[in-house]
Each structure stands twice: as structure tokens, then as C-alpha cells.
1. How do SER89, SER161 rank when sorted from fewest to most other Cβ atoms within 10 Å of their own Cβ?
2. Going highest first, how would you order 182-194, 146-158 by mean Cβ packing within 10 Å?
3. Obtain the nm distance between the two label points defined at ASP162 and TYR57 by a simple spin-label model: each point lies 7 Å from its Cα along the Cα-to-C-beta direction.
4. With charges only on Cβ, +1 for K and R and -1 for D and E, what is the dipole size of the chain about its Cα centre, in debye, rounded to 20?
5. What does the charge count around VAL214 come to, taking other residues whose C-beta lies under 10 Å from its C-beta (Lys +1, Arg +1, Asp -1, Glu -1)?
6. Around CYS176, which amide H atoms from residues at least 5 apart in sequence, or from another chain, sit under 5 Å from its own amide H, with H modelled in the peptide plane?
7. Within 10 Å of each residue's Cβ, count the other Cβ atoms and sort ASP10, ASP101 from fewest upward.
8. FRET efficiency for ALA234 and VAL282, Cβ-Cβ distance as r, R0 = 22 Å, nearest 0.05?
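No value in this document is a laboratory result; all are computed from the given coordinates. From a predicted model like this one, the values you see are computed outputs, not experimental measurements. Cβ placement follows ideal geometry from the backbone for every residue including glycine, while neighbour counts extend to all protein chains displayed.
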Amino acid sequence: MTELLFTTNDVAKMLQVDKSTVKRWTDEGKLKCFRTPGGHRKFRAEDLYQFMADYSYGISPPDFYPQFASDESVIRRMIAEKEFNVLESVCFSAAIKGKRDEVVKLFSETYKNGLGLPQIFDEILRPTVKKIAELNISGKVLASEKQLAYNALSNGIVLFSDMIHKPASNGRKVICAMVENDLDDIELKALVVLLESRGYEVLNLGTSAGAESVSQLVMSKQPHFVFLVASRVANGDLLAEEHRKIQLELRAFGGKLIVGGAGYTKELLANTLNGLYDKSCVSFKEFAMIQLEKSNPGNQSLKNDQSSMSNKQ
């Protein structure tokens, strides 16, 4: 990849200071640069990142984020030092402008440079979705801008999925669906990508599937797990009835019901849904660990199932 370089003017705009300040920092040795044969200062992305880390500077305006984070050496440093707030800002900048390709590039570059899918989704995707939602509620992001951003993220995840290695099947079948009337499928799509990367056969019912559709598929496919995701829950009592129906079908052959997403609040899980699910996951990291859960649909040998899974990891 071509090395990413910035001019004095670029750095001044990013850090919101005057060009003379940038020049003074270089003269004082705080900010590394090199000079072209014509005497112009040039700044490497890695040196700029180091200056930001040392002196607690952020980057602005957001238009510079995607360019700044396209340098592999910078990305590796950010990952190693867990500077996820910068990567989240890159994601937000790309999404709010509807730049699907920039979202894909960010995900693929971080993945290629060692960041696992659970971390990409927990540390970059989820905070971005939350930030957009909060700004929309406060009136700082219009409904149309929110939809544009969500579409960029949703479509970006689908395209990113094509770049992920899909291992041989681990012998486990799962059903994924959103809670009825919940149309925000960003986390659901991310979950499907995560599960497929672990060797699951994923049957994705998408949004607004409803308990009846899930139950029918459970009876015909006998999955190891059903994953329900909710960004919001309008009627907890109705959801409890849906859970009861799905869980009844699953228990007939040893399947389990797993839930996750912001809609499944602690209060909802502890009260209304108490005993009507097998496990709740608050992060993609926890979803990734479901592969180790005991589940034995179709009276298959758990020992053989776990052995097969271990051989394929």
C-alpha cells in the first residue's frame, strides 16, 4: 500500500490549529516530519497518530478520518493500543455520509490487520449505531440522515461478509431473526456474519419474522440454537408469549433460545421473560462463545458433536 502522507495544511485542519502552530511543533521536535527536496514539510500517518496519542489530540473535521485510517501501519498501532474511539469515528464519518464502500474498507482493513469480528462489531459497529441513534434523538441527526447511515452500515456488513473466510461446517444449524416489528437489522446481519465465520449453517429469517414463522422453521429444521435480536421491544408481554412458544418447540429436541440486543434490557429479562430464554448475550464476544454451549438436537451424541467442532476450529 502507498504510504499515506499529509501536508502542513492537512495537519492544521485536522487538529484545528494554525499552520504556524504545526510548524512550531515540528521545530520543537514534538511532531515528526520530513522535508521534500523543495523544503516542504510532509507528515507520515503513523507519526501523526503518535503525536495524537502523546498529546491527547483528536482529529477534525471527520472528512479526514477515512483517509487517515487507510494506512496499515496506523491501523495496526490503533489495534495494538486499543484506540477504538478513533476507528469508531472513522466508521461514524463514513456512515453518516452514506459511504458504504468506506465502511467496508474500514472493516476489511481492521480485520486483515488482526482485529477479530467480535471486536470489530463490539468496539466499532455497535458504538457507531448507538451514537447515530442518540444524535437522532437529540435532533442533531435528521431521520433521513439516520436512515442513510444505517443503510450504509447494513449494506457494508453484507459486502464485508463476502471477504470473510467461511470454514467447513461445524455440524450446527441455527435460526436467526429480529423480534417482531423491529426493522433495524444491523446487529442481526453482523451476528449472521459472525456465526457463519464460526462454521454454523445460518437460517436467517430477517426482520419482522414473528413467532409463528420461527416456530414453523424450528419444527422443520430442528436447529441447535435460535438467536433472537431486538434493538427495541414495544410489548414485553407479547414477546413473552412468543418466547414461550418458540422455547417449547426447541425443548422438544434439546435446542436453545439465545437473545441479545439493546431491546433485551435487564429488567425485561429478569421479570417479563424470566425462564423464557436459555441465555442472553450483551456483546458479540458472548455470541461468539455460544459455540461452546451444550446443545443436543435430534438426540445426536454431544461428545461426537464437540469433537467434530474441535477438529474444524
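1. Details: SER89 21, SER161 18.
Sorted ascending by nearby Cβ count, the order is SER161, SER89.
2. Working: 182-194: 22.5, 146-158: 20.0.
Peptide ranking by packing, descending: 182-194, 146-158.
3. About 3.9 nm separates the two model spin labels.
4. On the way: 40 positive and 39 negative charges, 117 e Å.
Here the size comes out at about 560 debye.
5. On the way: positive: LYS245; negative: GLU180, GLU212, GLU242, GLU249.
Overall, the nearby charge balance is -3.
6. Those lying under 5 Å, H to H, from CYS176 are LEU203, ASN204, LEU205, PHE227.
7. On the way: ASP10 17, ASP101 13.
With the sparsest Cβ surroundings first, the list reads ASP101, ASP10.
8. Numbers: r = 21 Å, r/R0 = 0.95.
So the FRET efficiency works out to roughly 0.60.
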